[in-house]
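Take a look at the structure below.
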Amino acid sequence: MTVAATHPYIEALLRGCEPPRGDAAWLNERRAQALERSNALTVPTMRDEEWRFTDITPLTKVQFQPASAAPRLAMTDISGFIAPEASARLVFVDGVYVPALSVSVGLPYGVVVNHLAAALGTHAAAIEPHLARHAGFEHEVFAALNTAYLRDGAFIWVAKNQKSPTPVQLLYVSTQKDTAAYPRCLVVAEAGSECTLIEDYVSIGSEVYFNDAVTEIVAGEGARVRHVRVQREASGAFHIATCAVHLARDAHYASQAITLGARLSRFNLNVMQQGEGVEVKMDGLALISGRQLADSHTLMDHARASGSCQQLHKCIVGGAAHAVFNGRILVRPGAQLTNSAQSSRNLLLSDKAHVDTKPQLEIFADDVKCAHGATVGQLDQEQVFYLRSRGLSMERARNLLTYAFAAEVIDRIPVPSLVEQLEATVLAQTQSQERA
């Protein structure tokens with residue numbers, strides 16, 4: 001990305017972004033650095049290689065402002081989004097932490113789930129080495145904006161050899177028109193620990209708003225982190241997010257990223273293998289229709305030997321929607337015995353639906369096993385004919401096959417209630433797309 005004078009859109013977003021007083025010097029310094037980079041970086045355009053399939057011009061035409069205060073919501077307003085398996089839940093409304101809707105019960109000693117502003121007073125030693133250190137903002141304007149606005153967020157810490165007994169749910173609720181929110185999350189899983197994170201973005205109503213999110217996940221030696229990310233926002237929303245994952249020796253990371261909502265969404269998932277013997281599984285699903293645009297970029301960076309990664313990404317695209325998938329596997333010099341595979345499978349439900357898929361392999365080691373593949377097509381007519389011969393209507397047959405295509409990813413989510421919610425959503429969307 002090139003460096004230039006501040007773009008008017010960035011100027012508007014930064015207006016009123018003043019560093020708070022009383023925070024630690026190291027945090028103020030990182031905010032100041034991010035603010036400086038925000039002022040220097042340009043808004044990406046389709047001339048930038050990493051954004052050449054995604055036009056964010058509609059985003060820059062709306063005047064967004066941070067929420068001054070969160071509206072009062074009752075538990076009944078968000079009950080349909082809650083995962084009952086999660087005994088710890090942090091709720092943020094329009095970017096503001098809401099303690100009345102949050103809960104943290106039954107957590108053992110050595111497991112901390114708290115909002116970042118409070119955790120800075122009790123666990124600064126665990127936060128300082130990692131916050132704004134892994135999701136680099138030096139070359140990415142939206143990560144820089146998020147860091148410049150860093151005031152609060154979610155903090156999950158699991159001590160050495162401890163295990164979070166139930167999933168932790170982070171629920172980000174959007175309600176207000178023309179609001180910009182900057183969700184932030186830091187997960188630190190120390191050596192030998194285990195945790196499951198649900199990161200869920202939802203909306204109440206159908207307003208136009210903007211979420212600029214950054215998540216950092218650090219897994220120590222032998223740690224196991226399961227990460228479920230669901231974006232099911234309003235059809236007029238804008239959503240741009242970065243997740244940076246750093247894995248020490250023998251760490252395990254499993255991710256399921258589900259994209260259903262937003263007018264325009266972009267998700268960058270960057271996984272760095274910092275130690276030998278790392279195991280990664282990355283699953284992604286985008287189900288979009290109308291005039292939605294969903295862009296997913298992933299990077300699996302094998303920087304050490306004996307790492308493995310299995311990645312499956314699926315897109316189901318109806319109407320005149322546009323899906324983008326760019327999956328990059330990088331095997332650095334010395335990263336011998338790497339085993340990394342990637343599959344991109346895409347289903348088009350209409351003649352106007354559009355998918356751009358770009359698998360990439362960059363290999364600088366000679367003793368590796370790497371592969372990638374991509375397919376784009378419509379429903380198999382032989383399978384449709386088979387189901388119709390068993391008495392199903394054309395619409396029912398197509399819905400069933402579309403649902404089965406998505407279920408392969410959804411069924412891998414380790415949270416039964418969330419699987420049930422998403423299966424119902426997918427079934428409803430495939431039925432509505434068929435009738436459209």
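The values are calculated or read from the model by the stated rules, or taken from the named source; none is laboratory data. These numbers come from a predicted model, not from an experiment. Please note: Cβ atoms are built from the backbone with ideal geometry, for glycine as well, and neighbour counts cover all protein chains shown. The area values use the complete protein model at the heavy-atom level, side chains included, leaving out ligands, DNA and RNA. Shrake-Rupley method; radii C 1.70, N 1.55, O 1.52, S 1.80 Å.
Would you say Gln336 is surrounded by fewer than 19 Cβ atoms within 10 Å (Cβ to Cβ), assigned to a helix (DSSP H, G or I) and of a type in the set (S, T, N, Q)? So Gln336 fails the test. Residue-level check: of (1) open to solvent by 10 Å² or more (accessible area, probe 1.4 Å); (2) in a strand (DSSP E or B), Gly222 misses just (2). Taking the criterion of being surrounded by fewer than 16 Cβ atoms within 10 Å (Cβ to Cβ) and closer than 15 Å to Gln231 by Cα, the only residue of region 78-105 that qualifies is Gly80. Residues in region 303-333 that are over 17 Å from Thr357 (Cα atoms) and part of a loop (DSSP other than H, G, I, E, B): Ala303, Arg304, Ala305, Ser306, Gly307, Gly319, Arg332, Pro333. Of all residue pairs spaced 6 or more apart or on separate chains, those with beta-carbon atoms under 9 Å, a first member in region 217-230 that is more than 24 Å from Pro183 (Cα to Cα) and hydrophobic (A, V, I, L, M, F, W, C) and a second member that is part of a strand (DSSP E or B) and open to solvent by 10 Å² or more (accessible area, probe 1.4 Å) are Ala223/Glu194; Ala223/His252.
Scanning region 314-326 for residues that are open to solvent by less than 10 Å² (accessible area, probe 1.4 Å) and touching a Gly at 6+ places or on another chain (Cβ under 9 Å) returns Lys314, Cys315, Gly318, Ala321, Phe325. Checking the stated criteria, Ser417 turns out not to satisfy the condition of being open to solvent by less than 60 Å² (accessible area, probe 1.4 Å), modelled with pLDDT of 90 or more and not in a helix (DSSP H, G or I). Applying the set (1) open to solvent by 50 Å² or more (accessible area, probe 1.4 Å); (2) at pLDDT below 80; (3) of a type outside the set (Gly, Ala, Ser) to Asp411 leaves exactly one unmet item: (2). Quick check on region 49-63. Is at least one of its residues surrounded by 15 or more Cβ atoms within 10 Å (Cβ to Cβ) and in contact with an Asp or Glu (Cβ under 6 Å, 6 or more places away or on another chain)? The answer is yes; a qualifying residue exists. Residues that are farther than 16 Å from Asn211 by Cα, open to solvent by 10 Å² or more (accessible area, probe 1.4 Å) and of a type outside the set (Gly, Ala, Ser) number at least 3 in the following strands (runs of 3 or more DSSP E) confined to region 230-297: 279-288. Selection over region 186-213 of residues that are farther than 18 Å from Ala254 by Cα and not hydroxyl-bearing (Ser, Thr, Tyr) gives a count of 9. Applying the criterion of being assigned to a helix (DSSP H, G or I) and open to solvent by less than 80 Å² (accessible area, probe 1.4 Å) to the residues of region 359-389, the residue that is nearest to Ala341 (Cα to Cα) is Val384. Is it the case, given these coordinates, that Arg224 is at pLDDT below 95, basic (Lys, Arg) and over 23 Å from Gly290 (Cβ atoms)? For Arg224, the condition - at pLDDT below 95, basic (Lys, Arg) and over 23 Å from Gly290 (Cβ atoms) - is not met. Of the listed requirements (1) closer than 16 Å to Cys309 by Cβ; (2) modelled with pLDDT under 95, Gln342 misses just one: (2). Pro108 passes every criterion in (1) of a type outside the set (S, T, N, Q); (2) part of a loop (DSSP other than H, G, I, E, B); (3) open to solvent by 50 Å² or more (accessible area, probe 1.4 Å); (4) over 14 Å from Gln169 (Cβ atoms) apart from (3).
Only one of the numbered conditions (1) open to solvent by 50 Å² or more (accessible area, probe 1.4 Å); (2) part of a helix (DSSP H, G or I); (3) not small (Gly, Ala, Ser) is violated by Leu401, and that is (1).
Here Ser350 meets each of (1) open to solvent by 20 Å² or more (accessible area, probe 1.4 Å); (2) of a type in the set (Ser, Thr, Tyr); (3) modelled with pLDDT of 95 or more with one exception, condition (3).
So, in region 133-150, of the ones that are out of contact with any Asp or Glu (no Cβ under 6 Å at 6 or more places or on another chain) and among the aromatic types (Phe, Trp, Tyr), which residue ends up nearest to Asp212 (Cα to Cα)? By that ranking, first place goes to Tyr149. Here Glu395 meets each of (1) under 30 Å from Ala254 (Cβ atoms); (2) out of contact with any Pro (no Cβ under 6 Å at 6 or more places or on another chain); (3) open to solvent by less than 80 Å² (accessible area, probe 1.4 Å) with one exception, condition (1). Go through region 346-356 and report how many residues are touching a residue at least 40 places away in the same chain (Cβ under 8 Å) and part of a strand (DSSP E or B). Residues that pass the stated criteria total 3.
When Cys185 is tested against (1) under 21 Å from Thr242 (Cα atoms); (2) touching a helix residue (DSSP H, G or I) at 6+ places or on another chain (Cβ under 8 Å), exactly one condition is not met: (2). Only one of the numbered conditions (1) modelled with pLDDT of 95 or more; (2) surrounded by 15 or more Cβ atoms within 10 Å (Cβ to Cβ); (3) touching a Gly at 6+ places or on another chain (Cβ under 7 Å) is violated by Ala67, and that is (1).
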